[in-house]
Structure formats: C-alpha cells, structure tokens
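Novice: Next up is a structure, given as structure tokens.
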Amino acid sequence: APSLIALAACPALAQEAPLGPPLDAAAFDARTLGRTITYSVLGEPYGVEQYLPGQKVLWAFAAGECKEGDWFQSGEFICFDYHEAAVDLQCWTFFDAPEGLVARFENDPEAPPLISLSESPAPLECQGPEVGV
C-alpha cells in the first residue's frame, strides 16, 4: 500500500499524533487567560508568555527582557503584535495536545513546534530597562 511506503520513508509522520483543529480566539483565550506559560523548542527553553485580560500578553525570551503585546485571531492563526517596527507579526496555530499547548509557527510542519513546559498563575518576572513601564 502506498501509505505504508510513505510512512516508512518519513517515520516522523508515523509517530506524530494528529493534533485536531487549531484553537480559535475564544478557545485560546479560555486556555491561556491568567496563565504564564513557559515554552520549549526541541526540549530547550525558548521563552515565557503571560496572558492578560483584553488579549494582552507579556513575552520574554528565555534570557531576555519583557515585551508587551497583544494578540488577535486571523483565520486559523493567533497573531501576536509586539508593536516594534523591527518585529513582524508572529502568527501561530495553537493546539491543545496531551503533552500541553503546542504552537506551530505559521502552521509550518517543517519548523519544530513550541510546546508548553510549564504553566503557572504567577506573573512573569521581567528584567531589563522597561520594568515597571
């Protein structure tokens, strides 16, 4: 059967469980609001995002200062705008999977997804020059 040959040629496809439909704005808000989520890529810490009321976020890379932004739904994507000229919109598809919240950048199956490592109700602790702004 051709499908078995395809799976044998690409074993990663055979192992990855289907994620189901991406979260829409309402489901994403319900899943994230009031939480601070630490994300990893390939098992390494990537960054932390705190989800605030009004579709606002506070983001920090693993060793960086915080950036304020907001998010909105655009088609199947949840897009983040950090209001910096040098940073384009960051659009992701989010899935609620058994291993945690999974985010695929612009739904690119070739790029490694972000996977939530931990979730906390505690606020993000910010460092850098814009603390308290």
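Quick note: the coordinates plus some simple rules give every number you see, no bench work behind them. Just so you know, these numbers come straight off a predicted model, no measurement behind them. In this analysis, Cβ positions are derived from the backbone assuming ideal geometry, glycine residues included, and neighbour counts consider all displayed protein chains.
Novice: Quick one: if you stick a label point 7 Å off each Cα along the C-beta vector at ASP88 and ALA27, how many nm between them?
Specialist: Going from the ASP88 label point to the ALA27 one covers 2.6 nm.
Novice: If N is the number of residues in region 41-133, what value comes out of its Cα radius of gyration divided by 2.2 N^0.38 Å?
Specialist: Details: Rg = 13.3 Å, N = 93, 2.2 N^0.38 = 12.3 Å.
Taking N as the residue count of region 41-133, the ratio is 1.08.
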